[in-house]
Amino acid sequence: MAGILHIAFQAIATKLPVDMPLVLSKNPAFKTVTEFDTIYGNKISQYRSENTGLQIVVVDVEGPVISCHSVLATESMYLIRFNWLMQAVSDDSGCPHTLEHLVFLGSTKYPYKGILDLLANRAFAQGTNAWTAVDHTAYHIKSVSEDGFLRILPIYLDHILFPTLEESAFTTEVYHMNGSGEDAGVVFSEMQGRENTSVSLMAAANQRALYPEGNGYRSQTGGLMEALGKLDNETIRAFHKKAYVSRNLSVIVIGKLDHSQLLQAVQPLDEELAKRPWVDSAPTEDLATSVLRTVEFPDRDESMGDVRIGWFGPSDIQEIAAIDMLGVYLCNSPIAPLRKAFIEIRQPLCTGDIENKNYDAAEVDPYAGFNYAIITAFVYGDTEGKDLKRYLEDLKAFEHLFSWTEEQWAGCINKWLIEAPHVAILGKPSAVMADRLVEDNAARVKDRVEQLGKQKLEQLQKKVDDAQALNERPVPDKILEDFKIPGIDSIRDNSTQKALDSMSSGLWMQLDNIKSQFFNISLHLSTANFTHKQRLYSSLFLYNIFVNPVKRNDGTTLDWMQVVEQLDQNTVNYSASFGVANGFKDLMTIKFKVDKTKYKEAVEWIVGVTLSKMLNDLPSQARNGSGMNWALYHHLIFDEESTAKAVNLATLAKFLPQVEKVLQENPAEVIQMLEGIQQLGMYLKVYIDVSLPAGESSGSYCWTGVVPRSYITPIRYARDLLSPIGRNPCRYATILALPSIESCFSIHFSRGPQDYNDPDLAPLQVLIEYLSLLEGEFWKKIRGAGLAYGASLGLRLEEGIVEFSVYRSPNSALAFSKAREIVHDFKSGRKEFEQLALDSAKSSLVYSTVSVESSLLKAASSGFLTQVLQKRPAGYRRDFLDKICNVTIDELKKMLDKYISKIFEGETSRVAVVCSGGKSEVR
Ligand SMILES: [Zn+2]
């Protein structure tokens, strides 16, 4: 294969499931093609059906989440080559993408739009999802229940293999002309929002320059607007018939489950044979010479353009790894050559070794980490499983690079980056084009209205309305009721071996023994003893922590470039931020990921950085409506002792200009402040691999004596740092006008439960989920009515607050009134809670509660949060699941009275609003 361009249409379709009894066949046709252990320690099994060629790949990953992608190789040219009827259709028709949308509108057995989502809500799963890339379409679902997953998978596959593909679905979902003569349809609107952006226009130009006419990689898989207008349902049906056959389908399952059960669940399938796309297609010719093209894109601001360079890359895995590594080396740190040449231009060029970059994707997120390699092996590899193994060995390829000589690297750069012919696309903003697009569209609609006449337009509108009505036929309750919700006892735990260590030095550590190639070290630094001024400076401290000169314990100093170089050499990655898991903003968190052979060096080095002297320039803080809204909220609810208040945007906007002035007049004062911040209390968390050499099994000795006992300070909770407004929100509104935004954001808040073990938590969270569900009350009546892009309820336990927030609204007061009306209807009994929706809310909450611990790494991190910071007992999560399942409708009513309705009453609620200058409205 030549280098592939992945243009992903991150789909859309959020859809999902129904109950179909498992058809258990006695003699599964599936045979094991290959089975092996990856270098990450996970077993991979590949099966193929002898009847149909359908492929199933299972990766065993410990943990509660089962993730599944059903992947079909799709090639737009397919049609033109195989079906003479299709000759008129261009390869930009978007067949693969439009079909992806239509799959979610119902199957022959389940002919209801949205049924997959409704059933997913009952299978401890999250709404379905799909995307179409230039070479494949993937349908995704995740569940935390093996039983639920095995029952929903056949229904999902039924949709993929036997969609109804009704004309009415095409009309609303793909394309139609409405009664005003305008082009419309879900896919059409999606592409309208994308086709003329600089990114899409340049990507398309790049593809056309790289690939000749008739080559599948040239096609715009999403569908160009003009081609969508000519596409018809018959073409999509024909495309489905050719491409969606079992031989061309791979079901990739990542998680822990019984393989034989899975094979039996997938038995009943299509037997039609088909030629495999891509593999059997004519190979792409190499580019003979370099190409330079200019592409215009519509933009009224013509001050800045884009450049995109593309070329064919290697197909050899070792060479691909080398190119990946070169990318990291050239771009990924403040001292990377390209960054220095383009961004940090006042600094001299410097050299750095490429070393110690390992890839940890399969550990951080094994679900995504494995998926890409398996899909590529399916679309391009052999069917006997040899390529699957090869594609999964990328880590070995990276290790091998350590032994590459300078000549080898230079040769690789020469061959692939310098000498290989390339396509350069210059993206040029054009105000003329922006105006022309608008005018052309208006003229086209005007012409149509004149030509078609009133009667014909009315017919068009009626066709759309009829199609809409047909698509919206409700899913019978019976189907939902028959899909039994799985028992929570089937959910797998992801508990790690935990050892809590209170060290002789007084340091507080948590050691988690997990199977890993890396150490993950998080330092949590308490700001409890800071003065108010130190709090203000703490954001500067954290922002600059990795680019500051360091004075090490042995007295030597490193300048900032040496610091960055050493960080790159000694760690896999690093980051710094305030808080833990969206709370505990009083803690500064500094994270490092380190190769497991470098633990001791890393600890010494990390301490050197965090306790270093520093001095540098100011951060520039990004601003947006939603960010400012939460800043305003924090500003209101916290008192002066709170770090969350000191480092939030509203405070910094005032504070940073002051620092700039001080820096000019008396820089020593700034340095002194930052030095003062070294008086840190510390909470330390360390994940340690059990496979350490003897003597390093606890890993704690490295830390001995590093931090004096007097530095240890207690953790402070947000609820102890509230201002009078935070403690007693009532009556007032605070409005901030922001000229840079066009819409409105608001946060309405009231008091909520404050204890991490409060018995109200389960019923209250179920109620919040009930009201906020996809296709739920708020969703339909607020988002659906165009009152806001988002509206949700939230429980902020650490602050002891419940809130209703409106995101991006033309008028947030209206959105708020609508929410109040919904809540009042439930409160007064005008509207009743429904059992089916309650079941969905519980199932959805079970999924989000369990999936927090989807990988061992995440489980360890969540263990620290729940046990150390939140002081919840070890078995907390499991108990909480039981409580969720037992919540009753009566309890929902109680929670509504006790908490949620208080948000909507003036005496017990306060609001923070951010909106554009012209808008002022509050209840
Ligand atoms: Zn789409």
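The values are calculated or read from the model by the stated rules, or taken from the named source; none is laboratory data. Fair warning: this is a prediction, and the values are worked out from it, not measured in the lab. All Cβ positions, glycine included, derive from the backbone under ideal geometry; neighbour counts span all protein chains shown. These area figures cover heavy atoms from the full protein model, side chains too; ligands, DNA and RNA do not enter into them. Shrake-Rupley method; radii C 1.70, N 1.55, O 1.52, S 1.80 Å.
Details
- Amide H contacts under 5 Å for THR128, placed H, 5+ residues apart: LYS15, LEU16
- Per residue, in Å², the accessible surface of region 728-915 once ligands and nucleic acids are set aside, probe 1.4 Å: 40
- The packing ranking, built from the mean of other Cβ atoms within 10 Å per residue, places the peptides 208-214, 410-416, 232-238 in the order 232-238, 208-214, 410-416, highest first.
- Region 111-220 - percent of accessible surface contributed by carbon and sulfur, probe 1.4 Å: 51
- Using a simple spin-label model with pseudo-atoms 7 Å out from Cα toward Cβ, ASN582 and ASN886 lie 2.7 nm apart.
- Solvent-accessible area of ARG910 with every protein chain in place, 1.4 Å probe, in Å² to the nearest 10: 30
- Percent accessible area from carbon and sulfur atoms, region 728-915, protein chains only, probe 1.4 Å: 50
- Amide H contacts for THR34 (H built 1.01 Å from N in the peptide plane; partners 5 or more residues away or on another chain; cut-off under 5 Å): GLN46.
- Simple Cβ-charge dipole of region 728-915, Lys/Arg +1 and Asp/Glu -1, about Cα centre, in debye nearest 20: 260
- Accessible surface area normalised per residue over region 108-226 is 27 Å², counting heavy atoms of protein chains with a 1.4 Å rolling probe.
- Heavy atoms of the protein chains alone define the surface here; on that basis region 374-450 has 55 Å² accessible area per residue at 1.4 Å probe size.
- Measuring r between the beta carbons of GLN455 and ASP477 and using R0 = 51 Å, the FRET efficiency lands at 0.80.
- Solvent-accessible surface ranking, highest first, for ASP440, ASP890, ASP639, ASP586 at 1.4 angstrom: ASP890, ASP440, ASP639, ASP586
- Amide H partners (placed H, <5 Å) of ILE252, local residues excluded: VAL57, HIS69, SER70, VAL71
- Solvent-accessible surface (1.4 angstrom probe) belonging to LYS831, in square angstrom, nearest 10: 60
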